[in-house]
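What follows is one structure encoded as structure tokens, with my remarks underneath.
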Amino acid sequence: MGGLIAAYTVARNSDVQGLVMIAAWNLGDRVSRPSPEGLDTFKNASPRLAGSTPEGLYDEAKAHGQQWNYVTYAEQLKSRPVLILEAKDANTADNRAMAEALRKAGDTQVAEKYMETNHVFSDHRIALQEAVLEWLGSLSAPTPK
């Protein structure tokens, strides 16, 4: 859930100059949709979070669904560069919705890159690094405050 947490944090911290989202799961939006999978979506995520259960994670996500929908952060992020890296996973549509929301909000510094790989980019790690480094190299130096 790093992409969601990164977007959440950057949206609330104007000192952060930019954002990279890598195959980000839009947890807030996911729990608001009717889903035939139900808790199955959370069975893979909960073991990585100490002390959590699929049921507990699902209940918490339902309680915070609106707050954890990263597309709603577009207004707070629109003045900063954002790189959205997409993989061949269940999050691609969410990632593209985020890019579209940023552009609609007026962000002219949105970059998207799709890679034909799995969610963790296991066979594209070097390409992932190169994409981030290339994007960072394309940015202007931040203006001192």
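Summary of values
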quantity: Close pairs from segment 17-45: first hydroxyl-bearing (Ser, Thr, Tyr), partner modelled with pLDDT under 90 and not in a loop (DSSP other than H, G, I, E, B), Cβ under 8 Å, at least 6 apart; calculated: SER35/THR41; THR41/ARG30; THR41/TYR58
quantity: Any chance THR117 is surrounded by fewer than 18 Cβ atoms within 10 Å (Cβ to Cβ) and either hydroxyl-bearing (Ser, Thr, Tyr) or assigned to a helix (DSSP H, G or I) (or both); calculated: no
quantity: Number of the exception - MET21 against (1) modelled with pLDDT of 90 or more; (2) surrounded by fewer than 15 Cβ atoms within 10 Å (Cβ to Cβ); calculated: (2)
quantity: Cβ pairs under 9 Å, 6+ apart, first in segment 91-103 and over 24 Å from ASN118 (Cβ atoms), second assigned to a helix (DSSP H, G or I) and charged (D, E, K, R); calculated: ALA101/GLU75
quantity: From ILE84, ILE126, residue being aliphatic (A, V, I, L, M), modelled with pLDDT of 95 or more and under 13 Å from the mean Cα position of the chain (by Cα); calculated: ILE84
quantity: Cβ pairs under 9 Å, 6+ apart, first in segment 122-135 and at negative phi, second of a type in the set (D, E, K, R) and loosely packed, with under 12 Cβ neighbours inside 10 Å; calculated: HIS124/GLU116
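The values are calculated or read from the model by the stated rules, or taken from the named source; none is laboratory data. What you are looking at is a predicted structure, and each value in this text was computed from that prediction instead of being measured. Reconstructed Cβ throughout: ideal geometry from the backbone, glycine too, with neighbour counts over all protein chains shown.
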